[in-house]
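Here the structure is laid out as structure tokens; the discussion comes afterwards.
What follows is calculated from the coordinates using simple rules that are stated; it is not laboratory data. Source: prediction; values computed, not measured. Positions of Cβ are backbone-derived with ideal geometry, glycine not excepted, and every protein chain shown enters the neighbour counts.
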Amino acid sequence: MEMTDRRVSGEPLAYVLGSALFCGRTFITAPGVLIPRPETEIMTEIARGLMERTPPGGEKCFADWCTGSGCIAITLVLENPGWHCWASDKSAEAIEIARRNAAIHGVEDRINFILTDSPSDARQIIPPRSLDFIVSNPPYIPTGDIPYLEDQVALYEPRAALDGGADGLDIYRMLLSELPVFMKPGAELLLETGGAKQADDVARLGEGSFELARKFEDHREISRFVLLKIPRSV
């Protein structure tokens, strides 16, 4: 009855149950950590395919920036044997949940979790030019739009995991300026966005440091995922 009352009050089912499915696997969820979305499953599947075609040779390493529950990082290391991961988030609560999920799925020895506000804070941890691939689902909702989201999102999910600043692009600006130092020549960065216009804006923000490799659509045929690439001549 307590669980029923929580759900009737509007609390998301994933928080009431304490878990959610992502790419066919169960992950712990808790208030304070973003609930995995179907759109992010699509991005994770795209990332898996991109990682599979990375040229062989040497140790392969990727990063999951804004890891949240760790569902992306964990899924990708499970489906890409031989790869290791740096998983970063600015929320200590999220990192703790992600660590628990990694232990449940038996990959805690292949993921290094980092509690940090920005990539620049991780320069003493992640070696320069060591990453073959980066994936990120950052906060991208414009601040003014958050009150108009459905209540179970706006009232229950962590604002820090939703709020992307006035235009929704604050975190992208930071990532696009600070992540290249960690990426090998030819390395790729896959980003989830809020839709076609924001995908265009993100591609534009990446100009100078990145080449636009491709945009991918979600299940509604909306351009949502942006693939950027570090030039091999860098």
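Okay, which of segment 177-204 sit inside 16 Å, backbone N to the point 7 Å along the Cα-Cβ direction of residue 167?
Residues 177, 194-204 qualify, since their backbone N sits under 16 Å from the label point.
List every DSSP H helix in the chain whose Cα atoms extend 15 Å or more along the helix's own long axis and whose mean Kyte-Doolittle hydropathy is at least 0.0.
Qualifying helices, which must be both long enough and hydrophobic enough, are 92-104.
Using amide H atoms built 1.01 Å from N in the peptide plane, name the residues 5+ places from residue 213, or on other chains, whose amide H lies under 5 Å from its own.
Long-range HN contacts for residue 213: 227, 228, 229.
Go ahead and set up a Gaussian network model of the chain, Cα springs under 10 Å, then flag whichever of 125, 111, 146 fluctuates most.
Answer for the Gaussian network model of the chain: 125.
Listing 120, 209, 69, 88 from the residue with the fewest other Cβ atoms within 10 Å to the one with the most, what is the order?
So the ranking, lowest neighbour count to highest, is 120, 209, 69, 88.
Before anything else, pin down the relative contact order of segment 77-234: Cα pairs under 8 Å, at least 6 apart, normalised by residue count, whole percent.
Computed over segment 77-234, the figure is 20 percent.
Test of understanding: ordering 45, 157 by Cβ neighbours within 10 Å, fewest first, what list do you get?
On the way: 45 15, 157 20.
Going from least to most buried by this count: 45, 157.
Would you compute, for the Cα atoms of the chain, the largest minus smallest coordinate along each principal axis and list the three values in descending order, in whole Å?
The Cα atoms of the chain stretch 60, 38, 34 Å along the principal axes, largest first.
Suppose R0 equals 25 Å; then what is the FRET efficiency for residue 196 and residue 45 from their Cβ-Cβ distance, rounded to the nearest 0.05?
It comes to 0.80.
Among 132, 89, what is the fewest-to-most ranking by other Cβ atoms within 10 Å?
Ordered from fewest to most neighbouring Cβ atoms within 10 Å, 132, 89 come out as 132, 89.
Taking the Cβ-Cβ separation of residue 21 and residue 149 as r and a Förster radius of 25 Å, what is the calculated FRET efficiency to the nearest 0.05?
Details: r = 22 Å, r/R0 = 0.87.
The formula returns an efficiency of 0.70 here.
For the chain, what is the number of Lys pairs with C-alpha distance below 15 angstrom, counting only pairs 8 or more positions apart or on separate chains?
4
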